[in-house]
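Worksheet: one structure, shown below.
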Amino acid sequence: MLYLIIVTGRCNLNCTYCGGSISNDIMPSEITYSLEDLFSFLERDSEASIAFYGGEPLLRTDLIEKIVQGTEVRHYILQTNGLLLHRLSDSVLKKLNTILVSVDGIKEVNDTYRGDVYDKVMENVNSIRRKFRGELIARMVATEKTDIFRDVSHLLNHFEYVHWQINAVWVEESFYRNFNGWIEKYKEGITRLVKFWVEKMETGVVVGIVPFLGVVSSFLGKKHPHPPCGSGDDSFTITTDGRVVACPVCADLEWNQAGDIWKGIIRKDFLDIQMCSHCRYFNICGGRCLFFSRERLWSREKMQAVCDATIHLIEEIKRQMPKIERLIERGVVEPCTLHYPEYRNTTEIIP
């Protein structure tokens, strides 16, 4: 099981699509339970992995250090905005298996939504490369200024892997001037990106575009959870007050509650598949996102536009599967390089 531990609700950014720190009405800004209680909870799971989450978790590097020192788990993962990467000690860097850095593409796009931080984040990313040997992943939000081909291609020059999430439902519909028009441009970019990805594969290079890898691995027989991020299945979040919730982005909602670190996890069906039951690609998409599945906050037309973008991505990969399978048969590509993720690492398989 993967446990996302919210080590603080505070954030040192206020991105336009996010809103910054988690409200105290949802959870306390700092952890209120004892670390001994956390360790006791984690010790019940011999297959446990940990992801440090926030807020911005590196505001509490002291707490991360204590948790790493006090636990022995399968994997240690960090999601961060990258501004405080220099605070990580060498001992923690050595333990981390995956670092995901939030960056939204080229400098102009990133800084439009996240503030004037691109240069500092990239400086910090380049700095840790000398010491960090795990997965380094760009964690990208795709929104109206995003050119998915341009921005993913750019980030692949700096990171081994890139994944993204379409900025939909957790912002107001009015955030976009023309969401459906942007989605059509996004789909065109996906077509170009798939073509680029397969052309690189023909040279024996498997580029780390996480959604493409996830979809290909599904076609090759890998079973992903529903939803594919694992929320409520093999991934749960521990809030600062010790509650356990399925999805980290809506810790206040009743349907999302899954127990606490003292009494354990309550197993139930978190995913609402009513909207997806008719879809021929449900087994691959898995409902896309737990929050998207449960909180249908946008108009039906715009919700369908997001699904259409997902279907387009899947069908573009499906169209390339005969060529990919031939590359495998010829030994140009090793199947193991396409089965991603190797372990639950908080990446978004379906954007």
Taking only the Cα positions of segment 248-307, the convex hull volume per residue in Å³ is 104 Å³
Rounded to the nearest whole number, the per residue volume of the convex hull around the C-alpha atoms of the chain in Å³ is 130 Å³
Per principal axis, largest first, the Cα atoms of segment 38-197 extend in Å by 50, 33, 31
To the nearest 10 degrees, the tilt of helix 300-329 (Cα long axis) against the first principal axis of the alpha carbons of the chain is 70 degrees
Sorting THR347, ILE266, GLY287 by the position of each Cα along the dipole of segment 238-351 (Lys, Arg +1; Asp, Glu -1; all at Cβ), the one nearest the positive end of that ordering is GLY287
Toy charge model, Lys and Arg Cβ at +1, Asp and Glu Cβ at -1: segment 7-91 dipole around Cα centroid in debye, rounded to 20, equals 280 debye
Computed about the Cα centre, the charge dipole of the chain from +1 Lys/Arg and -1 Asp/Glu charges at the Cβ has a magnitude in debye, to the nearest 20, of 800 debye
Projected onto the charge dipole of the chain (unit charges on the beta-carbon of Lys, Arg, Asp and Glu, signs +1, +1, -1, -1), the Cα from GLN69, THR143, VAL205 with the largest positive-side position is that of VAL205
Ranked output for segments 109-117, 212-220 by mean other Cβ atoms within 10 Å, highest leading, reads 212-220, 109-117
Sparse-neighbourhood loop hits (trypsin sites (Lys or Arg not before Pro), segment 1-72; DSSP loop; Cβ within 10 Å at most 13 others) -> ARG44
Output ordering of 270-279, 342-351 (per-residue mean of other Cβ within 10 Å, highest first) is 342-351, 270-279
To the nearest 10 degrees, the tilt of helix 61-70 (Cα long axis) against the first principal axis of the alpha carbons of the chain is 80 degrees
Shape descriptor, segment 63-124: equivalent ellipsoid semi-axes (Cα gyration tensor, sqrt 5λ, whole Å, largest first) stand at 27, 11, 9
Rounded to the nearest 10 degrees, the helix 179-201 long axis (Cα) sits at an angle to the longest Cα principal axis of the chain of 80 degrees
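Just so you know, all these numbers are worked out from the coordinates, no wet-lab data involved. This is a predicted model, so every value here is computed, not measured. Methodologically, a virtual Cβ is constructed for each residue, glycine included, from the backbone with ideal geometry; neighbour enumeration extends over all protein chains shown.
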